[in-house]
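These notes are about the structure you will find just below.
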Amino acid sequence: MNVIQSGDIITLSIETSCDETSVSILKNGRYILSNIIASQIDQHQKFGGVVPEVASRKHIENINQVIDRALSEAKVTFDDITHVAATYGPGLVGALLVGLSAAKAISFALGIPLNGVNHIEGHIYANFIEDPTLKPPFICLVVSGGHTHLVLMKDYGSYEVLGRTRDDAAGEAFDKVGRALGLNYPGGPEIDRLSKEGDKNAINFPRAFLEEGSYDFSFSGLKSAVLNYLNSKRMKEETIDIADVAASFQEAVIDVLTEKTISCAKEMGIKTVCLAGGVAANSGLRELFIKRCQNENITFKYPSIKLCTDNAAMIGCVGYYDYIKGLESHLDINAIPNLKLGERY
């Protein structure tokens, strides 16, 4: 129910870390009144990836309109806003500064608190919006174009990073392989679509589990194996079944992601596993997690597709929990493009 009552905390949140301009209005941290996302995919597709300068300019063009749309759809005004939250890292510095500057202006003009939010943390909190009953502790796999993290969430705002990628992030590997296959940007959704038409066992691409006991990830070797396979086929003028390559590559990625995550949860005695980030929208990854978690009697949670990609609702959820703990950012807070999970302003 979207009716605002006395005592409700209304959060206006802004996300501009990469190529989506997003503004959301949340009630009491977990209930979305609006979540507007203006995507720039069409602008960046011709370049085969995100161009930082183009992204920053589009954010400047979009930000005020998206704020207005978010307020209108939520049926609130600036007078109803309790505090404002915004991503301040990690991400593209120019893009981050657009959203952060808008949030600072709103905070200053309205005399309300500002909460700077870590983008990776936001992805984890998308699960709280999807399931209002979810509580820590749990293991969360954060997989996106720029990040692959295996995180133990001990409590709200308290994390231990158990593993991370040593080279390419999972989403980055999807995009690079997608480009090698001649697919449109972003490559991840295209590979997911093609995988449904191919044989996942057609090609035995390598799985990098690394040394025993490690929860880190590595996808550069797998990416190189795919590129070598394609080059070899082309040099020999042999037919390439793109669907089989996509399916076999995807299976190699999701096999490692699920195996390491579930092994970690079992070793630590954690009975809930969550998925987060743009790659969490991958249907093969979701299906494999559901199957393996059922076999291990582990509860599995994941956000809806719209909450997997970059969005302001997840940022507002983090901002809400910081706000009720009495945390507040100064107006001189700056964008930090390489901000680490767990670092605080």
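Read-outs: derived from the displayed coordinates by stated rules, not from any lab. Here the structure is a predicted model, which means the values were calculated and not measured. Here the Cβ is made from the backbone with ideal geometry for all residues, glycine too, and neighbour counts use every protein chain on show.
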Please enumerate, by chain and number, the aspartates and glutamates with C-alpha under 16 Å from the C-alpha of Lys154, excluding those fewer than 8 residues away in the same chain. Glu121, Glu267, Asp322, Glu343
Taking Thr272, Thr148, Thr299 and counting other beta carbon atoms within 10 angstrom, the fewest-first order is Thr299, Thr272, Thr148
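Under 11 Å from the Cβ of Asn311, count the other residues' Cβ atoms, weight Lys and Arg +1, Asp and Glu -1, and hand me the total.
-2
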Reported label for calculated semi-axes √(5λ) of the Cα gyration tensor in Å given (i) 40, 22, 17; (ii) 46, 21, 18; (iii) 36, 23, 17: (iii)
Percent antiparallel among DSSP beta bridges confined to the chain, rounded to 5, stands at 60 percent
Once the other residues with Cβ under 10 Å from the Cβ of His147 are scored (Lys, Arg +1; Asp, Glu -1), what is the net sum? 0
³J(HN,Hα) computed for each position of segment 66-80 - Karplus, 6.51 cos²θ - 1.76 cosθ + 1.60, integer Hz, glycine/proline x: 5, 4, 4, 5, 5, 5, 5, 5, 7, 6, 10, 10, 4, 5, 7
Hey, can you grab everything whose amide H is under 5 Å from the amide H of Gly163? Only 5+ residues off in sequence or another chain; H modelled, so Pro and N-termini drop out. Leu150
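Using a Förster distance of 30 angstrom, determine the FRET efficiency expected from the C-beta separation of Glu287 and Met235, and round it to 0.05.
0.30
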From the backbone phi of segment 23-28, what are the Karplus-calculated ³J(HN,Hα) couplings (6.51 cos²θ - 1.76 cosθ + 1.60, θ = phi - 60°) in whole Hz, Gly and Pro given as x? 9, 9, 10, 10, 10, 6
Amide H neighbours of Phe138 under 5 Å, counting only residues 5+ apart in sequence or on other chains, H built in-plane at 1.01 Å? Met153
Per-residue ³J(HN,Hα) for segment 152-160, Karplus 6.51 cos²θ - 1.76 cosθ + 1.60, θ = phi - 60°, Hz, x for Gly and Pro: 8, 8, 7, 7, 4, x, 10, 9, 9
Quick one: which of Lys104/Lys260; Lys260/Lys340; Lys236/Lys291; Lys271/Lys325; Lys223/Lys260; Lys75/Lys104 span more than 30 angstrom between C-alpha atoms? Lys104/Lys260; Lys236/Lys291
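Give me Val273, Val142 ranked fewest to most by other Cβ atoms within 10 Å of their Cβ, as a rough exposure proxy.
Val273, Val142
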Segment 241-310 - percent relative contact order, Cα under 8 Å, separation 6 or more: 35 percent
So for the chain, averaging the separation of alpha carbon pairs under 8 Å that are six or more residues apart and normalising by length, what relative contact order in percent results? 25 percent
Can you pull the one-decimal nm distance between simple spin-label points at Asp199 and Ser39, each 7 Å off the Cα toward Cβ? 3.3 nm
Let me have the 222 nm mean residue ellipticity of the chain computed from DSSP H runs of 4+ only, each contributing -39500 (n - 2.57), with the sum over all residues rounded to the nearest 500. -14000 deg cm²/dmol
So which cysteines in the chain don't have a second cysteine's C-beta under 4.7 Å from them? Cys18, Cys264, Cys293, Cys308, Cys317
Between Phe209 and Thr299, take the C-beta separation as r, use R0 = 30 Å, and let me know the FRET efficiency to the nearest 0.05. 0.75
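Explain nothing, just the number: relative contact order of segment 135-303, from Cα pairs under 8 Å at least 6 residues apart, as a whole percent.
26 percent
Which of Met268, Met314, Met153 has the fewest other C-beta atoms within 10 Å, and how do the rest follow up to the most? Working shown, then result.
Numbers: Met268 13, Met314 33, Met153 22.
If I rank by nearby Cβ atoms, fewest first, I get Met268, Met153, Met314.
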Work out how much length Gln5 to Asp68 would gain on full extension: take 0.36 nm times their residue separation and subtract the Cα-Cα distance, in nm to one decimal. 20.5 nm
